[in-house]
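Reviewing the structure listed below.
The values are calculated or read from the model by the stated rules, or taken from the named source; none is laboratory data. Computed from a prediction, not measured in an experiment: that's the story for all the values here. So basically every Cβ, Gly included, is an ideal-geometry build from the backbone, and we count neighbours across all protein chains shown.
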Amino acid sequence: MALFSIRRLARIPFFLASDLLLRLKHGPETPRKYQLLFVRPQDVCLNHIGSVGLLLQSPDRFSGAVDGGDWDCLERLNPQCLEIRTVLEKRILEGLSWEDSGEIDRMLSLVDREGSFDHCKSLEDVTQRNRNLDKIIAFVRGTGTLLTRREMSAFAFREMDGIATVVARDGRLLLAYSGTHRLAIVQSLGAPVIPVAIALVHSECLTNGTWRTLLARSHSLEKEREALLESAARVGTTEEHQAKRSI
């Protein structure tokens, strides 16, 4: 296990303690760190990020899942997300190889610059990573959704390492720091429902009814997702396991 993952696992007791304190303050429906939520993929904004740059640099900076302030107000284009979306569309919609889509060159350039990027240090790592992405693409094509982290591993902590999402005060769902490829895949394929990990919710969502609305919608979408998986299993399109790396 990577040192980064060990450090994050070591923070789980702090997440649990923060959850308890926030629930005492805001009530039983208060979001929990990395809480699982089911959403429509198109409702998650991939191309922009708010002023959550600190989250991008240090995803666990906020031990709790609720915080106020103006982190959700300023938005800017995220060139890397746009580039990844383009690559995935070439692979999925145009049927290009990973090499022709530009993803191999993109990754090798990042590895050359950083030494290691996204768990990759060599061409072999990048090739294996692309195989994992192909498994995810095949799974989404066959089912219309993604597996939750708990469905992938009984030892998972909630939806940690899933598609990390933050909720702005007006209910907008913004991609935070993890899951760019997976989100681009499900959006390109038009998947109807996916699981996401709630990394941070603006405190105003708890008073203006937004969080309660998202929870109700999630319960409805969970039933829809169950029907999708049952249908996929009946026609034999479900793979036994999805790629288990965090892309």
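Just a few scattered comments:
- Any hit, segment 133-148, residues being free of Cβ contacts under 8 Å to residues at least 12 places away in the same chain, over 22 Å from Q35 (Cβ atoms) and either touching a Cys at 6+ places or on another chain (Cβ under 6 Å) or surrounded by fewer than 20 Cβ atoms within 10 Å (Cβ to Cβ) (or both): yes
- The C-beta contact set for segment 171-197 (first residue surrounded by fewer than 22 Cβ atoms within 10 Å (Cβ to Cβ), second residue of a type in the set (K, R) and not in a helix (DSSP H, G or I), distance under 6 angstrom, 6+ apart or interchain) is empty.
- Beta carbons closer than 8 Å, at least 6 apart along the sequence or on distinct chains, pair a first residue in segment 203-231 that is in contact (Cβ under 8 Å) with a residue 24 or more places away in the chain with a second that is loosely packed, with under 14 Cβ neighbours inside 10 Å and not in a helix (DSSP H, G or I) for S203/G68; E204/G68; L206/G27; L206/E29; T210/D170; W211/E29; R212/E29; L215/E29.
- Residue that is modelled with the lowest pLDDT [pool: residues in segment 214-237 that are in contact with a helix residue (DSSP H, G or I) (Cβ under 7 Å, 6 or more places away or on another chain) and assigned to a helix (DSSP H, G or I)]: A232
- Residue, nearest to L229 (Cα to Cα), within segment 117-164, restricted to residues that are in contact with a strand residue (DSSP E or B) (Cβ under 7 Å, 6 or more places away or on another chain) and in a loop (DSSP other than H, G, I, E, B): T145
- Among (1) modelled with pLDDT of 95 or more; (2) surrounded by fewer than 19 Cβ atoms within 10 Å (Cβ to Cβ); (3) closer than 30 Å to T207 by Cα; (4) not basic (K, R), the one test that P28 misses: (1)
- Near pairs, Cβ below 6 angstrom, 6+ apart or cross-chain, from segment 62-87 (surrounded by fewer than 20 Cβ atoms within 10 Å (Cβ to Cβ) and modelled with pLDDT under 80) to any residue that is part of a helix (DSSP H, G or I) and among the hydroxyl-bearing types (S, T, Y): S63/S18
- Single unsatisfied condition, I198 versus (1) modelled with pLDDT under 95; (2) out of contact with any strand residue (DSSP E or B) (no Cβ under 6 Å at 6 or more places or on another chain); (3) not polar (S, T, N, Q): (2)
- Any hit, segment 91-98, residues being farther than 25 Å from Y34 by Cα, surrounded by 14 or more Cβ atoms within 10 Å (Cβ to Cβ) and of a type in the set (A, V, I, L, M): yes
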